[in-house]
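Taken together, the values in this text are just the output of simple stated rules run on the coordinates, not laboratory data. Source: prediction; values computed, not measured. Cβ placement follows ideal geometry from the backbone for every residue including glycine, while neighbour counts extend to all protein chains displayed.
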Number of protein chains: 2
Amino acid sequence: MKAIAVEPGAGEPALVERPRPEPEPGEALVRTLRVGIDGTDHEVIAGHHGNLPAGADRLVLGHEAVGVVEEPNGTELEAGEFVVPTVRRPPGRSNEFFERGEPDMAPEGEYLERGIVGAHGFMAEYVTSPAEYLVSIPPELAELGFLVEPISISEKAIEHAVATRSAFDWTPETALVLGNGPLGLLTLAMFESVLDIDRTYCLGRRDRSHPTVELVEDLGATYVDSRETSVSEIPDAHEAVDLVYEATGHAKHAFETVDALAPNGVGVLLGVPEPWEFEVDGGRLHRELVLHNKALLGTVNSHRGHFEAAIDTLSQLPEWFTDELVTGVYDLDEYTEAFKDGDDVVKTAVEFDAPAGGF
Amino acid sequence: MKAIAVEPGAGEPALVERPRPEPEPGEALVRTLRVGIDGTDHEVIAGHHGNLPAGADRLVLGHEAVGVVEEPNGTELEAGEFVVPTVRRPPGRSNEFFERGEPDMAPEGEYLERGIVGAHGFMAEYVTSPAEYLVSIPPELAELGFLVEPISISEKAIEHAVATRSAFDWTPETALVLGNGPLGLLTLAMFESVLDIDRTYCLGRRDRSHPTVELVEDLGATYVDSRETSVSEIPDAHEAVDLVYEATGHAKHAFETVDALAPNGVGVLLGVPEPWEFEVDGGRLHRELVLHNKALLGTVNSHRGHFEAAIDTLSQLPEWFTDELVTGVYDLDEYTEAFKDGDDVVKTAVEFDAPAGGF
C-alpha cells in the first residue's frame, strides 16, 4: 500500500510503498479516507519535533485522520463505520494515564504519538488501531472528519480553562484568539458559534487581503493586526478579555496574555516555542496575576472524550465556515500540493480514498 | 474607646481615642478580643499599600480579628457569640461580586478592605459590622480566632488551585510552600495536617537556628534554604512537586515555580511584588507550561465560605503548632511589642479584651 513518510534530514515527505498492516487481536483494520495537515506535520518534516519508531528509518506522517472500518477483527466496531483515531498510544507497556483514559496528561516518555513521536501516523491507505482509540463519527461528518483532532485540542484547552475558573461565578463575555492559523480559526468559530461568547478578537500578522482575515470578520470577530497592536495593548485599543487562547507559539504572547486579560480571566497556552530569553516586568506580571485573580495554563493533546465533544462541535460549525477554512483536499497522486504553503492556503488534507458512495 | 491607627507618613502606629461606634440597622456591635498582625499591616504602616477612608486623616489598622457580639441590634446574631469579621466591604454601593457572595473576586475599585483599603480596621475596642460579614466561631477556638483570616486566604488559594486541576484525575502527593512567614507556615500545616499531602517542602532564607525552621521540620516538612537551593533547583535537589504555594512576594519565584512543578502541577501565587524587570527564558517556560499541562494562578483575599472552612481547619491544627506559631499576644498597653520584628518573632496579636470567663 501507499503511504506518505518522511526520512530524517530529507526536509520533505515522500510517497512510499509499505506492507498493508494486519490487525492484532483487539485492533481493527481501517481504510484511510482523509488526513489533515497542520503545523506539527511541518515541524516533524523539518526535524524540529518528534522522532522515529524504534528501529524505523522513516516516519509515516499524519495524526488528523478519518477512515472507515474495513475489518472489525472481532472488535465492537462494524465494517463500514466511520471513525477518527486518537493520537497517543502507550509506549509499549500501558501506564496509569492510559488506564484512566487520560493519555493527554501523560508526561514525556509515557506516550507515543502516531505520526509524531515514535509511532507511524495515519497517512497510509490502511492503518490498524486498538478499537478503544477509534472514535465513531456520523457518516455525514466523515468528509470533514480530519478536523476532529484539531478541534479536540481546543475542546481540552477550553475544558481546562473553564475548570480553572470553576471555583467562582464566571461567564466569559469576551475572548481573544492569538493566531489566525487553522487551529486559531477553528477555536474562534467555536467561541462564536458553539460557546456563544459575546465579543471575540483574533490576532494575526496578515494583511487585510488575506483570506483568513475575511474568515475572522465573517465569523463576527474583530481582527487585530499584531504589527499594529501588541497583545498588551489590546485592553486599551479594544477591551480586556475574559479568555485568551494562544496558538502562535510566540513566547512573548504567554506573558503579554496577563496584560490582555480582564480581572478573573484565564489564558490558555497551546504553542510550543523554542528557548528564548527576554526581559519581562516580572514584578508587575506577578502582582497582576494575584491582585486580579488571573490564571495562565498550558494544555497539550486531548483524550477520547475531547474527540467525542469535537464531533459534536463539528456538527454545529456553519458550513460556509468549513467551506472557506478547507482550501484544498488533494488526491494521493498530488499530495505534494497539500504540503505547500501559500497566500491562499488555510487548511489542507490528503484524500486516500472516498467512501463507497462518495462523500 | 481606644484604637490603634496609623497616620500617613508616621511610619508607626499610635494609640488613639475614638468614639465608640453605633451599629446601623443590620449591623451588630462587636467587642474586639484579639487582632493579629501580618505583612500587609507592615506595608500599610510603611505607606506601601492601602489608603485612608474618605475624609479621614488616619486609618485604624487590623484585618485579622476575633470578637464577641456585644449588641446584636436586631440581627440574627446573639449577644456573647464569638465572631470573626470578613475583610472586604462594598465601596458605598453594592455590586455583583458582593451580591453573589464573592467579594474576593471584585476588581480594584469595587471593594474597600477594613484596615487596609479605604475603611477602618478592627484594632479598636469596639467595631460594628453588617451581620452578614460576621462569621460565628466556636468558643473554644476564639482564642486563636485571629488566625482565621490568614487561613481563609489559603483556603481560597487551595480551592482555586484544586479547581484548576479538576478536569482530570489529580491527587497532589507533594507540595512546596515558598516563604516561611506565618502564612507560609499555616499553609504548610494545612498541607501536612489537614490535606494529608505525602511530602512537603518549605523554602525560606533563615538560618537553621530560627524557630520557623524548627517549626517546618516539626511539621514533617523539608526545609529548603533559598540561599543554597533556588526554586528552580528543587526538582534536582529534592523532587518536582505537584503544588507550589508562593507567599514570598519575590517576583522571580512566580517564574521559577514553573520549573519546580511536576507535570500536571499547579502553582498558586499570593505575593504582591512591586514592578521589577528581569530576564527569563520565556520560550522554555511557555513550552514547559504547555507540554506538561502546568498551571499558574494568582489569588487574593477570601469570601465567607473560606472563613467557614478556615474555622474548620483551625480546629484540626495541632495545638503544639499554634502554640509555637503564636510567639506573642500583647495587651493593649504594650501593643508596640506586637508590631516589633525580631529573630524570635513569628506571629503576634494585640489583645483588646478577654471573654467574661477568660480564654
Legend entry - Sites matching GluC sites (Glu not before Pro) across the stretch A:1-80 that sit in DSSP coil, with at most 11 neighbouring C-beta atoms within 10 Å: A:Glu76, A:Glu78
Inset, instruction - Work out which helices of chain B, taken as complete DSSP H runs, extend at least 20 Å along their axis over the Cα atoms and score a mean Kyte-Doolittle of -0.5 or more, then list them. - result: B:148-164
Legend entry - Cleavage-rule hits (trypsin sites (Lys or Arg not before Pro)) in the stretch B:56-130: DSSP loop, at most 15 neighbouring Cβ within 10 angstrom: B:Arg93, B:Arg100
Legend entry - For B:Val329, distant residues with modelled amide H under 5 Å away: B:Ala349
Inset, instruction - Compute the signed sum of charges (Lys and Arg +1, Asp and Glu -1) over the other residues within less than 10 Å, Cβ to Cβ, of B:Val213. - result: -3
Inset, instruction - Determine the distance separating the Cα centre of the stretch B:199-257 from the Cα centre of the stretch A:89-136; give it in Å without decimals. - result: 37 Å
Legend entry - Copies compared at A:Trp320 - label distances in nm, ascending, label defined 7 Å from Cα in the Cβ direction: 7.3
Legend entry - Ellipticity estimate at 222 nm from DSSP helix runs (n ≥ 4, -39,500 (n - 2.57)) divided over the protein assembly as shown, nearest 500: -7000 deg cm²/dmol
Inset, instruction - Scan around A:Gly267 for amide H atoms under 5 Å from its own, H built in the peptide plane at 1.01 Å from N, and keep only partners 5 or more places away or cross-chain. - result: A:Val244, A:Ala295, A:Leu296, A:Leu297
Inset, instruction - Note the distances from B:Glu228 to each other copy's matching label point, with points 7 Å along the Cα-to-beta-carbon direction, in nm, sorted shortest first. - result: 5.8
Inset, instruction - Note down the magnitude of the dipole of the stretch A:11-167 about its Cα centre, charges +1 on Lys and Arg C-beta and -1 on Asp and Glu C-beta and zero elsewhere, to the nearest 20 debye. - result: 260 debye
Inset, instruction - Note down the relative contact order for the stretch B:153-298 as a percent, whole number, built from C-alpha pairs under 8 angstrom at least six residues apart. - result: 23 percent
Legend entry - Long-range Cα-Cα pairs in the protein assembly as shown (distance over 35 Å), rounded percent: 50 percent
Legend entry - Zone residues, the stretch A:58-75, relative to A:Glu43, backbone N less than 15 Å from point 7 Å out along Cα-to-Cβ: A:62-64
Inset, instruction - Please order A:Val162, B:Val244 by the number of other Cβ within 10 Å, starting at the fewest. - result: A:Val162, B:Val244
Inset, instruction - Set the Förster distance to 22 Å, then compute FRET efficiency between A:Asp333 and A:Arg18 from the Cβ-Cβ distance, nearest 0.05. - result: 0.85
Legend entry - Given charges at beta-carbon only (K, R positive; D, E negative), |dipole| of the protein assembly as shown in Debye: 420 debye
Legend entry - Cβ-vector label at 7 Å, B:Gly358, separations to other copies in nm: 9.6
Inset, instruction - Could you tell me which of B:Leu59, A:Tyr111, B:Asn264 has its Cα farthest along the dipole of the protein assembly as shown towards the positive end, charges placed at Cβ (Lys, Arg +1; Asp, Glu -1), taken about the Cα centre? - result: B:Leu59
Inset, instruction - Run the dipole for chain B about the Cα centre, Lys and Arg Cβ at +1, Asp and Glu Cβ at -1, nothing else charged, and hand back the magnitude in debye, nearest 20. - result: 780 debye
Inset, instruction - Report, as an integer, the average count of C-beta atoms from other chains found within 10 Å of each Cβ along A:159-166. - result: 6
Legend entry - Cβ-based exposure ranking for A:Thr212, A:Thr187, in which fewest neighbours within 10 Å come first: A:Thr212, A:Thr187
Legend entry - Net charge of Cβ neighbours under 12 Å - reference A:Gly101; Lys, Arg +1; Asp, Glu -1: -4
Inset, instruction - For every other residue with a beta carbon closer than 12 angstrom to the beta carbon of A:Leu261, add +1 if it is Lys or Arg and -1 if Asp or Glu, then tell me the sum. - result: -4
